[in-house]
């Protein structure tokens, strides 16, 4: 993916995607059981987190059109550390990062989705300037 430019034509670290907004992340995760890609809003201030989530709700149709699929929307989600966050996500089960035979399917799952998130973000990021 290192050679794949962003929607704005810039180099990007896909694994550590920078939204430019504090507490707003595009995360990819692969374990021994599931592969997940998510938009996570982690601001410790519940009001700010809710405002971010509401802004995504305003852009829900644009996001789903860009992704060409619908994702799961969790206004309240508890991360692995027990922190309350908001999350928009999708996953594929029965894939293991530890099984090399699964790697092509994992890449085929994650790559088009992170590229689509980047395309969405190149259009939508201006709606989130207030959170900078």
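Using C-alpha pairs under 8 Å with a sequence gap of at least 6, the mean separation divided by the residue count of the stretch 24-127 gives a relative contact order of 34 percent.
A Förster radius of 41 Å combined with the Cβ-Cβ distance from residue 55 to residue 32 puts the calculated FRET efficiency at roughly 0.75. Fully extending the segment from residue 129 to residue 94 would add 8.8 nm, taking 0.36 nm per residue of separation and subtracting the current Cα-Cα distance. Length available on full extension from residue 101 to residue 48: 0.36 nm per residue minus the Cα-Cα distance, which gives 14.9 nm. Between residue 78 and residue 10, the simple spin-label model (points 7 angstrom out along Cα→Cβ) gives 3.7 nm.
Rule-based calculations on the coordinates, nothing more; no lab input. Nothing here was measured: the structure is a model prediction, and the numbers come from that model. Don't worry about glycine lacking a Cβ; one is built from the backbone with ideal geometry, like all the others, and counts go over all protein chains shown.
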